[in-house]
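Student: Sharing a structure below in structure tokens format, with a few things to ask.
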Amino acid sequence: MRTENSTLPELLAPAGDKDALISAIASGADAVYFGTDLFNARIRANNFNLDEAREAIMLCHAHGVKAFVTLNIAIYDKEIPRVLEYVKSLYESGVDALIVADLGVMRLVKRYFPDLEIHASTQASAHNLDGVNMLASLGCKRVVVARELDKNSISHICSGTDTEIEIFVHGAHCMSVSGQCLMSYAMGGRSGNRGECAQPCRLPYTLGKRSFYPLSLKDMSLAGHIHEIIDTGVASLKIEGRMKSSDYVGGTVSAWRRLLDEKRNATKGDFEYLEGLFSRQGFTDGYFTSKINESMLGIRSEENKAQTKAQGTAKMELERPKINLYARLILGERASLRVTDGKREAIAYADVVEEAISSPMSREDIAKSLSKLGATPYALGTLEIEKSDNIIVRVSSLNALRREAISALLSPKREKKTIEHVAKMRKRNSRKIRSALFSRLDQIPQNSDYFDIVYIYADRYEKNEKINGICLPPVILDYEWDEIEAKMTQAREDGVKYALVSNIGQIERARAHGFTLVADFRFNAFNGESIDALLELGVDDMILSPELSLPQVRDLPAGSVIAYGAFPVMTTHKCIIKESVGCEKCKTYLTDRTGAPLFCEGIFGHRNIIYNSVPIYMADKQEDISSYSWHFIFSDEKRDECYEIIEAYKNKSSTSKRIRRIKS
Ligand SMILES: [Zn+2]
């Protein structure tokens, strides 16, 4: 069971279903997180419905465990009223925090439920100190930082902010930087940002001459770094696994509980036990220790599966905690019931106790009503009744007393709210500009004056009369700013006006240089509220996600559509290319099972971008997007191809190449 030790970070466990929840609590989790069947990033987990969520929250609270609910997907505009109803229901059920990815949802929760804690999901892509502080300014009390961070980056963030920092310590890794993966969406229409990830990263690919699993990472485990983790100053340690069994949850949580309580690193034996519960050819700590290489890759082998089967654990059960009840039923006073579990207490009141006209209530009658605890997580300890003779109290009043007192013991008192959210009438801004991001300087063609803004990646910036914008790379860790700062200074001196920012942790610095800011599609601004949030943070305009359909774009008050180009489907913290063809040019093609080539290029920080195999092409469908600003993405196109594409848009030409359209 859980031990009281205030110097330790919180141990946070997943609960994909009721059995996993029970295992997590019984194994010593300080807090659990789960999704419901609404608005969460694991729609394939069993999840809870709203009533089950309420029960789950009560069960947690009865055992002194906190309950967080995931609301960590991007939300469409038309879903906002339902999201608010949903939050209201969770709020009234006593949820301790919501785990939120969408900037618009953060804003709404802060507006309507100011006393409800918000945790920024790892899907919000915070990987540096500025990002954490920006999310705090939007109302987040805690930020779950990117899984790719190394130990020093985590320590740096923790020492630079009062915001609670949560890290993943055990469980599945995504190959893509969290919140920046469009691969599942691009390949089969199942959006990771909407909780529908089909895990194409776990499939084989061909890279150079090799066919292997270059996108499948081993599960992480930082169980060998307990002291270092505690020293970073993080507030919470998250175990991944809402899709995993209750055996996995129970075993993993108890192992971590033990390591934390004993303040020791996992031994070989501990790792064998953890691997037996679930692994993909062992574990990796590569990001935490900055040892980023091919040994991080792994798949779920037959051997691993056999290992897990062999190690079944017993189903866990929870004892009901005992509570003591004190009823006070004195003639002429309000009836009251005080309950305590030994640590906390709560009291509820009912009507004034009246004199019985015919048959007074017996002590037994009263005890019978008050001790009905079957629907609660508790068992009865003692029941004391202080009463006058010859009184009558309605059974319904006694039942209400019991329910109210126990409910107050289980959850903080929260007012019933009436939310009157009136969707803002929004008129789309009439701005129609054309912008383009070129990956390399040598791509920019003669006719680039077709664009109002021409961006180049900041680290590749050189003075050039065609360029009036820089694009900040998708990930800039705190120790990587110097190079980018120098480029920003240089670009401003050369008169470059625009900065395309890729992450919430870049807004502040780019603004300080005096750039006009445009937020890239990487912000996943799916709704008007998130667009308003970005505008308030100082962004002037934004590129909309390629996941949005034309009718969804129409609902939004601002933003460019991606009118041309293969868009990035993954941004990886590690160089995949190195492992097959070497990094001489750090460019290659990854071939998927259908034979489609996905362009991969090395970018700032020796990360990789993997692009969709088929570009968006709308030159001959311009009337569909004529009322919006347009953004073009050039990735592996050569300069003359870029030239031809621009001419095609000038002439509204069709093409015989494989293309994709913006969803209509
Ligand atoms: Zn490379």
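Student: In deg cm²/dmol, rounded to 500, what helix-only [θ] at 222 nm does the chain give when every DSSP H run of at least 4 residues adds -39500 (n - 2.57) and the total is split over its residues? Don't skip to the answer; put the middle values down first.
Tutor: Numbers: 18 runs with 181 residues, N = 664.
The helix contribution divided over the chain gives -8000 deg cm²/dmol.
Student: Then there is this: Given R₀ = 51 Å, what would the calculated FRET efficiency be for SER301 paired with ASP555, taking r from the Cβ atoms and rounding to 0.05?
Tutor: Working: r = 46 Å, r/R0 = 0.91.
Computed FRET efficiency for SER301 and ASP555: 0.65.
Student: Right, here's the next one. On average, how much area does the Cα convex hull of the stretch 322-410 cover when viewed from any direction, in nm²? Don't skip to the answer; put the middle values down first.
Tutor: Values: hull surface 20.4 nm².
Result: a mean projected hull area of 5.1 nm².
Student: Continuing with this model, one more query. How much length would be gained if the chain were fully extended between SER358 and GLU319, taking 0.36 nm per residue of separation minus their Cα-Cα distance, in nm to one decimal?
Tutor: On the way: separation 39, 0.36 × 39 = 14.04 nm, distance 4.24 nm.
Result: 9.8 nm gained on full extension.
Student: Just in the stretch 174-275: which GluC sites (Glu not before Pro) are loop by DSSP and have at most 12 other Cβ atoms within 10 Å? Intermediate results must be reported in sequence, preceding the final value.
Tutor: Numbers: sites: GLU196, GLU228, GLU240, GLU262, GLU272, GLU275; in loops: GLU196, GLU240, GLU262.
In loop regions of the stretch 174-275 (DSSP not H, G, I, E or B), the sparsely surrounded GluC sites (Glu not before Pro) are GLU262.
Student: Where the centre of each part is set by its Cα atoms, how far does the stretch 213-231 sit from the stretch 280-301, in angstrom?
Tutor: 8
Student: Stokes-Einstein at 4 °C, 1.567 mPa s, Kirkwood radius from Cα pairs: D for the stretch 120-226 in µm² s⁻¹? Intermediate results must be reported in sequence, preceding the final value.
Tutor: On the way: Rh = 15.4 Å.
Reported coefficient: 84 µm²/s.
Student: How far apart, in nm, are the 7 Å Cα→Cβ label points at LYS585 and GLU272?
Tutor: Result for the modelled spin labels: 4.9 nm.
Student: At a Förster distance of 51 Å, what's the computed FRET efficiency of ILE419 paired with HIS606, Cβ-Cβ distance as r, to 0.05?
Tutor: Numbers: r = 47 Å, r/R0 = 0.93.
The computed FRET efficiency comes out at 0.60.
Student: Can you tell me, using C-alpha contacts under 8 Å and at least 6 residues apart, the relative contact order of the chain as a whole percent? Intermediate results must be reported in sequence, preceding the final value.
Tutor: Details: 1425 pairs, mean separation 90.4, N = 664.
14 percent.
Student: Over the stretch 335-374, what portion of Cα pair distances is larger than 16 Å, expressed as a whole percent? Don't skip to the end; give the middle numbers.
Tutor: Working: 421 of 780 pairs.
The calculated P(r) of the stretch 335-374 puts 54 percent of pairs beyond 16 Å.
Student: Out of the GluC sites (Glu not before Pro) in the stretch 608-653, which ones are loop residues according to DSSP with at most 10 other C-beta atoms within 10 Å?
Tutor: On the way: sites: GLU623, GLU637, GLU641, GLU644, GLU647; in loops: GLU637.
Here no loop site has a sparse enough neighbourhood.
Student: As a footprinting exposure proxy, order LYS372, LYS463 by other Cβ within 10 Å, with the fewest listed first. Present the calculation step by step, with values, prior to reporting the outcome.
Tutor: Working: LYS372 14, LYS463 11.
Ranked by crowding around the Cβ, least crowded first: LYS463, LYS372.
Student: I'd like the Kirkwood hydrodynamic radius of the chain, using the inverse of the mean 1/r over distinct C-alpha pairs, in Å. All intermediate terms of the calculation are to be shown ahead of the outcome.
Tutor: On the way: mean 1/r = 0.0369 Å⁻¹.
That comes to 27.1 Å for the chain.
Student: Specify the inter-centroid distance of the stretch 569-610 and the stretch 127-161, based on alpha-carbon positions, in whole Å.
Tutor: Computed from Cα coordinates, the inter-centre distance equals 27 Å.
Student: Taking the Cβ of each residue in THR418, THR516 as the centre, tally the other Cβ atoms inside 10 Å and list the residues starting with the fewest.
Tutor: Details: THR418 7, THR516 15.
So the residues, fewest neighbours to most, are THR418, THR516.
Student: Only four residue types carry charge here, +1 at the Cβ of Lys and Arg and -1 at the Cβ of Asp and Glu. Report the dipole size of the chain about the Cα centre in Debye, rounded to the nearest 20.
Tutor: Magnitude of the dipole: close to 1300 debye.
Student: By what distance, in whole Å, do the Cα atoms of the stretch 271-367 stretch along each of the three principal axes, largest value first?
Tutor: On the principal axes, the stretch 271-367 reaches 83, 32, 18 Å in Cα extent.
Student: Once the mean 1/r over all distinct Cα pairs of the stretch 476-633 is inverted, what Kirkwood radius in angstroms do you read off? Mind dumping the intermediate values first?
Tutor: Numbers: mean 1/r = 0.0575 Å⁻¹.
Hydrodynamic radius (Kirkwood, Cα only) of the stretch 476-633 equals 17.4 Å.
Student: Please report THR267, THR340, THR571 as a ranked list, fewest other C-beta atoms within 10 angstrom at the top and most at the bottom. Each step should come with its number before you reach the end.
Tutor: Working: THR267 12, THR340 17, THR571 25.
Fewest to most other Cβ atoms nearby, the residues stand as THR267, THR340, THR571.
Student: Right, another one. If you stretched the chain out fully between THR516 and SER656, how much longer would it get, using 0.36 nm times the residue separation minus the C-alpha to C-alpha distance?
Tutor: Values: separation 140, 0.36 × 140 = 50.40 nm, distance 3.77 nm.
Using 0.36 nm per residue and subtracting the Cα-Cα distance, I get 46.6 nm.
Student: Enumerate the residues in the stretch 513-543 having an amide nitrogen under 11 Å from the point lying 7 Å beyond the Cα of ARG431 toward its Cβ.
Tutor: Within reach of a label on ARG431, which here means backbone N under 11 Å from a point 7 Å along Cα→Cβ, the stretch 513-543 contributes 516-519, 535, 539-543.
Student: ASP365 to ARG258: extension gain in nm, 0.36 nm per residue of separation minus the Cα-Cα distance?
Tutor: Details: separation 107, 0.36 × 107 = 38.52 nm, distance 4.67 nm.
Contour length minus the Cα-Cα distance gives 33.8 nm.
Student: Separation between the TYR450 and ALA379 pseudo-spin-labels, each 7 Å from Cα along Cα→Cβ, expressed in nm?
Tutor: Simple spin-label model gives 7.5 nm for this pair.
Student: Label points 7 Å out from Cα along the Cβ direction at ASP51 and SER627: separation in nm?
Tutor: Once both label points are built, they end up 4.4 nm from each other.
Every number here is computed from the coordinates shown, using simple stated rules; none is lab data. From a predicted model like this one, the values you see are computed outputs, not experimental measurements. Positions of Cβ are backbone-derived with ideal geometry, glycine not excepted, and every protein chain shown enters the neighbour counts.
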